Amino acid sequence: MKYDKFFALAKEAGITDCELSFTTSTSLEISLFHGEINNYSSNSSSSYLARGIYKGKMGSITSDVYNKDSAELFVKKIIENASVIENDDPVFIFQGSEKYRKINTFNKDLGKISPEIKLDKLYELEKKIRELDSRIIEVEAVGYEESSSTSTILNSHGLKLTQKNNNYVYYGASVAKEGEQVKTGFDLFLDNDFNKFSVDELAKSVVKESTSKLGGHQCASATYKAVLSQDVVKSFMSAYISSAVAEDVQKNSSLFVGKLGQKVASRKVTIEDKPLAKTIFAKGFDDEGVATKNLTIVKNGTLQSYLYNLTTAAKDKVESTGHGVVGGGSKVGTTTWYLEMKAGKKSLDELCKEVGNGVYITEVSGLHAGLNPRSGNFSLLSTGFMIENGKITHGLDIITVSGNLVELFNSITEVGSDSKEFASAIKCPSVIVKKIAVSGK
């Protein structure tokens, strides 16, 4: 009832279809430095997005508040914004899907745990990181972040959708030193079940992330057979699957133009988007109100589907795949919700044994600057280890890896069993690639 005025005024003003989506959220942030609290903040906020079709164009407005004056303002701004739109893209306020899956991403017990208990674990985490290894010279940061939100979509077709979610993160960063070499490491734990968090496991991981890089040196510049860690696969896979966005395909700016039903990767590679999987990232509907579904994007190396919102789907005369994401403006983008590469059966040790002699690449950086999305060519700063006689040996420092995304995914010969879930809503294992160019000494 609170929002009826907006819909009534929009109709009177000649806005044929309109929508109001809003999110209310709360957050808690705590961080320590040298045993002292250096940040403790608790906030609540709201955000509103009103969209409407006026004379065939989509207008929109965003706001942090909705009060007695908002309905008039929203209608006025929708008309103003729609009046300056020059493109002829089809636009939609969605009537609704036939069926929506019930999604549970809210754990009511998380909010019942006192801030004091959450803080105590932070003190314990900082202490354990510092004490685990004598080479740790600094604990740069430890922190806790918690968020809870409720998102709702209402529109003039009578559609009403709501989803609640919450989660928390513990994180730590350490600095290790050996001789003159100094390395940093960072890791985090993300979930919405507080009982799953282990101080010991996160502390060990943070320390390992920094100390494992010590003693590294450059290898000879050459082309190597390689194992790519889950972290590296995550980075490459995110960039690669962005080529499946239909808008980029329609603009001929994608690596997958004309590739539907064709081979785009090794037969070992199957990649799905799984918004309905039982994870904290689960999502029952996209930002346009379209019901989501689990979607196979690449199956055994063959491209199965592009990713569509309502506008790009209309251009190709297909149905939206439920991947629409609405930002601050009237333009609707496309995103994935929970990207997963199907795991294999071999452990990391078995992958290294199969490589024999090569490199184990554990981290790449500079992807946005070092990757050409049109050609797929990349050149990235990297770290990792040598693999000698099937075993991981000394670290690699100050190296660059280069190649081409299409060739990289086609050269995957084995997929590991060691799948890891990342805070970026991606789950993937380590893989073996036939070759990767490494620049060292």
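In table form, for the structure just shown:
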item	result
From Lys345, Lys278, residue being farther than 26 Å from Glu414 by Cα and either free of Cβ contacts under 8 Å to residues at least 12 places away in the same chain or surrounded by fewer than 18 Cβ atoms within 10 Å (Cβ to Cβ) (or both)	Lys278
Qualifying residues in region 317-340 (those that are over 19 Å from Ile241 (Cα atoms) and of a type outside the set (Lys, Arg)) - the one surrounded by the fewest Cβ atoms within 10 Å (Cβ to Cβ)	Gly328
Check on Lys183, at pLDDT below 95, over 24 Å from Ser25 (Cα atoms) and either in contact with a strand residue (DSSP E or B) (Cβ under 7 Å, 6 or more places away or on another chain) or of a type in the set (Val, Ile, Thr) (or both)	yes
Scan of region 65-96 for residues that are in a loop (DSSP other than H, G, I, E, B) and of a type in the set (Val, Ile, Thr), ordered by number	Val65, Val84, Ile85, Val91, Ile93
Tally, over region 309-345, of residues that are assigned to a strand (DSSP E or B) and in contact with a Gly (Cβ under 9 Å, 6 or more places away or on another chain)	6
Test: residue in region 135-152 that is free of Cβ contacts under 8 Å to residues at least 24 places away in the same chain and either surrounded by fewer than 15 Cβ atoms within 10 Å (Cβ to Cβ) or part of a helix (DSSP H, G or I) (or both)	no
Options Ser243, Ser254; residue that is farther than 22 Å from Ala343 by Cβ, within 17 Å of the chain's Cα centre (by Cα) and at pLDDT 95 or above	Ser243
Residue count, region 61-79 (criterion: closer than 19 Å to Val326 by Cα and either charged (D, E, K, R) or in contact with a helix residue (DSSP H, G or I) (Cβ under 8 Å, 6 or more places away or on another chain) (or both))	7
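The values are calculated or read from the model by the stated rules, or taken from the named source; none is laboratory data. Note that the coordinates shown come from a computational prediction; the quantities given were computed from them, not determined experimentally. Ideal geometry is used to build each Cβ from the backbone, glycine not excepted, and the neighbour counts take in all protein chains shown.
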